[in-house]
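Worksheet for the structure shown next.
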Amino acid sequence: MAAFKAGDLRAARTLQLIQELDQVERRAKQDGCDSHERSRRRQESSGPRMQQLRRELDSLGNQAPPKTPMGVAITYALRQWNRFGISLSRSRS
């Protein structure tokens, strides 16, 4: 978000993907989904978006100097990637 606010429009697609992921979670909460249904929705809807997000981060990481707002955000996201809670290996098969 800081990168986008700083005028780096390359962050727009990344922010859009994050908003889409948040929307999946909000819908599941609004629908009163149990943990099984949330997991199913995450694999079905969030999994592909997470793959797109990872590709976007990898691509942008090659373009953004590490000390810029974009570089800092990308480095943080990639370091935290395993904590995001969606196993991409399961959604690829």
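The number of residues in the range 3-23 that are touching an Asp or Glu at 6+ places or on another chain (Cβ under 9 Å) and among the hydrophobic types (A, V, I, L, M, F, W, C) comes to 1.
Within the range 50-71, the set of residues being part of a helix (DSSP H, G or I) and touching a residue at least 40 places away in the same chain (Cβ under 8 Å) comprises MET50, GLN51, GLU56, LEU57, LEU60, PRO69, MET70. Only residues that are surrounded by 15 or more Cβ atoms within 10 Å (Cβ to Cβ) and either in contact with a Cys (Cβ under 8 Å, 6 or more places away or on another chain) or in a helix (DSSP H, G or I) (or both) were counted in the range 1-17, giving 5. Looking only at the range 4-42, count how many residues are of a type in the set (A, V, I, L, M, F, W, C) and over 17 Å from ARG54 (Cα atoms). Adding up the residues that qualify gives 6. If only residues of the range 28-65 that are closer than 18 Å to PHE4 by Cα and in contact with a helix residue (DSSP H, G or I) (Cβ under 6 Å, 6 or more places away or on another chain) are counted, the one that is surrounded by the fewest Cβ atoms within 10 Å (Cβ to Cβ) is PRO65.
All of the numbers you see were taken from the coordinates with simple rules; none came from a lab. All values reported here derive from a predicted model rather than from experimental measurement. Quick reminder, even Gly has a Cβ in these numbers, built from the backbone with ideal geometry, and neighbours come from all protein chains shown.
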